[in-house]
Amino acid sequence: MFFISVAQAAETAAEHHEEAEAFLSPHSAETWVAVAFLIVVALLAKPVFRGITAGLDLRREKIKSRIEDAERLRAEAQETLATYQKKQRDALKEAEEIVAHAKAEADRLAAKAAADLEELLKRREQQALDRITQAESEALREVRNVAVDIAVNATRTLIAKTLPAAQASALIDQAIQDLPNRLH
């Protein structure tokens, strides 16, 4: 079997060798088609390669540009985020300061209101005491006036009953003369 196989292989190789020699022959049409094909491919390869290379370079530049834009946008977004975080911290700090100021102001106003209320109560108390003192003075004056009126009426009645008319007339004249000195 082994001999049959080797013999068959040798026979097959000889047939193909003859076909290969016929293919490489300058008189063969297949040889000229292959040569023309190789020339066309060689002539077209450089411009096609340039076109493909240019297309790939253009695509690479677009991708590079997009990556740069994305990195720039990411940097801007990071910067904007940092800015807003700072603004948020500042706003929170300002809000805390406003609340603290409002509490302090409320405490100050409450203390002032308490002091004003106490002062008002003291003033009202003093006014009440003044009114009481004034009412007492008025009551004493009225009591004195009533006492004077009673004394005058009692004296008049007593004088009218006990003094003669001439003596009463002399007392009245003397009182009228002393009147300007007593009024001033």
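So which residues in region 19-40 are at pLDDT below 85 and outside any loop (DSSP other than H, G, I, E, B)?
Glu19, Ala20, Glu21, Ala22, Phe23
Give me the pairs, please: first residue somewhere in region 150-163 and without any contact (Cβ under 8 Å) to a residue 12 or more places away in the chain, second residue anywhere and surrounded by 10 or more Cβ atoms within 10 Å (Cβ to Cβ) and assigned to a helix (DSSP H, G or I), beta-carbon distance under 8 Å, and either six or more positions apart or on two chains.
Correct list of pairs: Ala160/Ala168; Leu163/Leu171.
The values are calculated or read from the model by the stated rules, or taken from the named source; none is laboratory data. Remember, predicted model here, so these are calculated numbers, not experimental data. Note: ideal-geometry Cβ built from the backbone for every residue, glycine included; neighbour counts use all protein chains shown.
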